[in-house]
Amino acid sequence: MLTEERPWGSYTVLEEKNGYKIKRVEVKPKHRLSLQKHHHRSEHWIVVSGTALVTNGDKTITVHVNESTYISKATLHRLENPGIIPLILIEVQSGEYLGEDDIVRFDDDYNREVAAV
């Protein structure tokens with residue numbers, strides 16, 4: 001398994017086959033990923049530890065343990081950990097192309113801590 005470290009946390013690719021990829025994503029407390037979208041894939045996020053603050057299009061929701069949310073292809077989205085413990089989720093990507101270069105960033109301040117929500 002391949003784990004990639006990022007300023008906001010890390011991700012590990014658990015499985016990748018034609019048309020889908022499964023990742024374990026960990027976001028440090030008070031950190032967030034960039035506001036972004038993907039042209040070739042959709043994502044389904046299932047929270048397994050902590051709490052996620054998710055921007056999905058024009059809505060922002062809180063997703064708790066054993067809850068999930070779906071990000072449609074080409075939808076602006078952001079993942080944030082407003083809590084004090086690591087946020088861990090399982091991400092299932094689906095689409096014809098799943099490369100990491102299919103990320104269009106609109107607000108790339110993911111390496112800064114965010115204020116408590």
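The values are calculated or read from the model by the stated rules, or taken from the named source; none is laboratory data. Remember, predicted model here, so these are calculated numbers, not experimental data. Note that each Cβ is placed from the backbone with ideal geometry, even for glycine, and that neighbours are counted across all protein chains shown. Remember, those area values only see protein heavy atoms, side chains included, never the ligands or the DNA or RNA. Shrake-Rupley method; radii C 1.70, N 1.55, O 1.52, S 1.80 Å.
The numbered conditions (1) farther than 20 Å from THR3 by Cβ; (2) open to solvent by less than 30 Å² (accessible area, probe 1.4 Å) are all true for SER34 except (1).
Could you go through segment 79-94 and let me know if any residue there is of a type in the set (S, T, N, Q), assigned to a loop (DSSP other than H, G, I, E, B) and in contact with a Gly (Cβ under 9 Å, 6 or more places away or on another chain). Yes: one or more hits. Scanning segment 62-72 for residues that are surrounded by fewer than 18 Cβ atoms within 10 Å (Cβ to Cβ) and either at pLDDT below 95 or in a strand (DSSP E or B) (or both) returns THR62, SER68, TYR70. Among residues that are part of a strand (DSSP E or B) and exposed (fewer than 12 other Cβ atoms within 10 Å of the Cβ), GLU15 is included.
Restricting attention to segment 18-61, the residues being in contact (Cβ under 8 Å) with a residue 24 or more places away in the chain and outside any strand (DSSP E or B) number 12. Among the residues of segment 1-41, those identified as under 13 Å from GLN93 (Cβ atoms) and of a type in the set (Phe, Trp, Tyr) are TYR11, TYR20.
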